1. Would you look at the GNM of the chain, springs on alpha carbons closer than 10 Å, and say which of Ser14, Ser43, Ser25 moves the most?
2. Using a Gaussian network model of the chain with C-alpha springs under 10 Å, which one of Ala35, Ala72, Ala17 is most mobile by mean-square fluctuation?
3. Okay, helix-only estimate at 222 nm for the chain: each DSSP H run of n ≥ 4 adds -39500 (n - 2.57), divide by all residues, round to 500 deg cm²/dmol; what do you get?
4. Test of understanding: what is the full-extension gain from Val29 to Asp57, defined as 0.36 nm times their sequence separation minus their Cα-Cα distance?
5. Compare the Cα positions of Gln88, Leu36, Phe59 along the charge dipole of the chain (+1 at Cβ of Lys, Arg; -1 at Cβ of Asp, Glu; about the Cα centre) and return the one farthest towards the positive end.
6. With charges only on Cβ, +1 for K and R and -1 for D and E, what is the dipole size of the chain about its Cα centre, in debye, rounded to 20?
7. How much of the pair distance distribution for the chain lies past 18 Å, counting alpha-carbon pairs only, in percent?
8. Could you give the alpha-carbon Rg of the stretch 1-52 over 2.2 N^0.38 Å, rounded to two decimals?
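Here, each number is a calculation from the coordinates, and none is a lab measurement. Source: prediction; values computed, not measured. Here Cβ is always computed from backbone atoms with ideal geometry, including for glycine, and neighbour counts include all displayed protein chains.
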Amino acid sequence: MAPIASSLTNFLQSLTAIGVSLMYSVLAVFQAIFALGQELVGSVLKVGNSVVTLVLDLFQGVFGFVAANFVALGVLGGAYYLYTLRQQGKGPKVLQKKSS
C-alpha cells in the first residue's frame, strides 16, 4: 500500500508543479505585454520630444525669422481676404454683413 500512496503523492506534486509553472508562464506573458506597452508609450513620447526639439531648433536664427514672416504674411493675407469677402457680402453666411 505504501508504494501506491507514494506514487499518488509524487503524481499530485508533479501536477502542482505543472500548475505553478503554467501560472508563472501566464504571468510572464502579461509582464511582457505590459513591458511592450510601456516601451511603446516611451518611444512615442521620445519621438514627440524629438519633433518638438527639431521644430524649435529649426525656427531659430535667420531661417526662423524668414519663416515667421511668411507665416505672419499668410495670416494677415487670410484675414484681409475674409474681411473683403465680408465687405462684399459674399462668402459664407457667417462672414456676410447683416442688413440693418
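1. Highest fluctuation among the options: Ser14.
2. Per the Cα network of the chain with a 10 Å cutoff, Ala17 tops the list.
3. So the helix-based figure for the chain works out to -31500 deg cm²/dmol.
4. 5.9 nm
5. Final value for the positive-end residue is Gln88.
6. Magnitude of the dipole: close to 1000 debye.
7. Percent of Cα pairs beyond 18 Å in the chain: 77.
8. 2.28
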